[in-house]
Amino acid sequence: MPTALVTGPTAGLGRAYAEALAGRGFDLVLVARDRSRLGSLATELSGRFGVKCEVLPADLADKAELRTVEERLRTGEPHVDLLVNNAGYGMGEGFLDSSSDDEERLLDVLVVAVLRLTKAALPGMLARRTGAVINVSSVAGFVPYGTYGAAKAWVTTFTEGVANDLVGTGVRAFAVCPGYVRTEFHQRSGLRVRGLPNFMWLTASEVVDASLRHLDSGRPGPVVVPTTRYQVVAGAARYAPRPLVRVAARGVRMRRR
């Protein structure tokens with residue numbers, strides 16, 4: 001059986017990725033901070049799908065614990081065929097109110113961990129001439145959206161560069177850029193979204209299905225934007241005049257609960 005390593009699998013998009021991959025027969029390496037939730041998820045997925053689930057508790061903002069996950073990707077057995085860099089991080093305050101430590105922690109999870117885990121996974125995949133990396137980004141990376149948007153812009157651009165380097169190797173990398181998804185993310189961050197119509201909310205399954213369809217297709221495109229409506233949003237954000245994009249971005253705001 002192939003093996004996938006998924007970060008942040010205990011809720012939201014990460015759980016949807018873990019369930020979908022287990023349903024496809026992937027054994028799983030599950031990485032998150034909460035050992036108890038990881039254990040419960042591993043037991044559930046093993047029972048439902050008959051796959052092996054390895055539990056690897058780690059805080060990706062902790063350098064020593066991040067190195068443990070890197071080492072699993074480099075030398076662990078069974079080897080990892082698919083890496084899903086999904087772990088998220090959100091804050092209940094805007095940049096003017098947040099602490100520098102919290103801003104740095106966000107970058108550790110959303111940028112540093114993505115870089116280091118991708119770097120750790122690729123040598124083995126390249127040696128086997130097969131494998132893939134899915135980096136979960138966001139349409140927030142196309143608009144002015146504080147440190148979170150800047151981090152997601154980095155993830156998308158970084159993944160595009162890695163994908164270029166991988167052409168002809170048998171290994172692929174692509175970024176998935178969803179819009180607003182109904183998960184625990186906003187609630188756990190103490191946030192509510194104002195000014196967004198209901199039809200703009202996505203389900204986790206829509207995002208994961210789009211990701212895995214792209215993986216199955218073998219197409220080389222390094223950026224996937226799930227659903228037509230968000231493809232339109234992403235296109236407008238990329239190509240409209242920046243003053244207009246900045247004004248539009250102020251229309252949808254995150255507010256602390």
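The values are calculated or read from the model by the stated rules, or taken from the named source; none is laboratory data. Bear in mind the structure is a predicted one, so any value in this text is a computation, not a measurement. As a convention, Cβ positions derive from the backbone with ideal geometry for all residues, glycine included, and neighbour counts pool all protein chains shown. Areas reflect the complete protein model, heavy atoms only, side chains present, ligands, DNA and RNA absent. Shrake-Rupley method; radii C 1.70, N 1.55, O 1.52, S 1.80 Å.
Per the helix-only calculation at 222 nm, which mean residue ellipticity applies to the chain, given -39500 (n - 2.57) for every DSSP H run of n ≥ 4 and division by its residues, nearest 500 deg cm²/dmol?
Taking each H run of at least 4 residues, the total per residue is -15000 deg cm²/dmol.
Starting from the residue with the highest accessible area, list 138, 99 in decreasing order, probe 1.4 Å.
From most exposed to least exposed: 99, 138.
For residue 115 and residue 43, what does the FRET efficiency come to when R0 = 25 Å and r is the distance between their Cβ atoms, rounded to the nearest 0.05?
With a Förster radius of 25 Å, E is 0.20.
If you place +1 on the Cβ of every Lys and Arg, -1 on the Cβ of every Asp and Glu, and leave all else neutral, what size is the dipole of the chain about its Cα centre, to the nearest 20 Debye?
780 debye
Within a Cβ distance under 13 Å of residue 163, other residues only, what is the Lys/Arg minus Asp/Glu net charge?
Net local charge, residue 163 excluded: 0.
For the chain, build the charge dipole from Cβ charges (+1 Lys, Arg; -1 Asp, Glu) around the Cα centre, then report which of 221, 173, 126 sits farthest towards its positive end.
Going by the charge dipole, the pick is 221.
Using a cut-off of under 20 Å, list every residue of the range 9-29 whose amide N is near the label point 7 Å from the Cα of residue 205 along the Cα-to-beta-carbon line.
Inside the label zone: 9-26.
Provide the net charge surrounding residue 104, with neighbours chosen by a C-beta distance below 13 Å and charges set as Lys +1, Arg +1, Asp -1, Glu -1.
-3
With all protein chains present and a 1.4 Å probe, how do 145, 89, 239 order by accessible area, largest first?
Descending order: 239, 145, 89.
For residue 119, list the lysines whose Cα falls under 23 Å from its own Cα; do not include residues on the same chain fewer than 8 positions away.
63, 152
With every protein chain present, what accessible area does residue 19 have (1.4 Å probe, heavy atoms only), rounded to the nearest 10 Å²?
50 Å²
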